[in-house]
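Just below is one structure, and these are the notes that go with it.
The values are calculated or read from the model by the stated rules, or taken from the named source; none is laboratory data. A quick note: this is a predicted structure, and the numbers were derived from the prediction, not measured. Neighbour counts run over all protein chains shown; Cβ positions are idealised from the backbone, glycine included.
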Amino acid sequence: MIRTPRQPIDLTVATRDVKARIERVLANLEPITQQREPILSDPRAVWLDITLSIHELEAAMAFMKRAWWP
């Protein structure tokens, strides 16, 4: 199998993107941790925030893999 040459990636831009994704994850999850009720008031919204955070982290990991490792 022939692979195309790897395109160089600007690591500064990659770092900025990864940090922005992690900040979005933290912003999504922080309100969940701030709730003081013993039972979640809106479990569907919490589930959605967790699911979106997982996808955001997976995207950051994939971007890091492309940027730093061949």
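Consider Ala62 carefully, then state whether it is assigned to a helix (DSSP H, G or I), touching a Phe, Trp or Tyr at 6+ places or on another chain (Cβ under 7 Å) and not charged (D, E, K, R).
Working: assigned to a helix (DSSP H, G or I): yes; touching a Phe, Trp or Tyr at 6+ places or on another chain (Cβ under 7 Å): no; not charged (D, E, K, R): yes.
Criteria not met by Ala62.
Give just the number: which of (1) surrounded by 12 or more Cβ atoms within 10 Å (Cβ to Cβ); (2) basic (Lys, Arg); (3) at pLDDT 90 or above does Arg66 not satisfy?
So the condition that Arg66 fails would be (3).
Name the one entry in Glu23, Glu56 that is under 11 Å from the mean Cα position of the chain (by Cα), among the acidic types (Asp, Glu), at pLDDT 95 or above and surrounded by 12 or more Cβ atoms within 10 Å (Cβ to Cβ). Give the steps one after another, and end with the answer.
On the way: Glu23 fails: surrounded by 12 or more Cβ atoms within 10 Å (Cβ to Cβ).
On inspection, the qualifying residue turns out to be Glu56.
Give the residues of the range 27-50 that are assigned to a helix (DSSP H, G or I) and loosely packed, with under 11 Cβ neighbours inside 10 Å, sorted by residue number. Please lay out each step first, then the result.
Quick first cut of the range 27-50, residues assigned to a helix (DSSP H, G or I) only: 27-34, 43-50.
Hits for the range 27-50 are Glu30, Thr33, Gln34, Pro43, Arg44.
I'd like the residue in the range 7-20 that is part of a helix (DSSP H, G or I) and of a type in the set (S, T, N, Q) and, out of all such residues, is surrounded by the most Cβ atoms within 10 Å (Cβ to Cβ). Lay out the reasoning, then the answer.
Going through the range 7-20, the residues part of a helix (DSSP H, G or I) turn out to be 11-20.
Next, only the ones that are of a type in the set (S, T, N, Q) stay: 12, 15.
Details: Thr12: 8, Thr15: 13.
Ranking the candidates gives Thr15 first.
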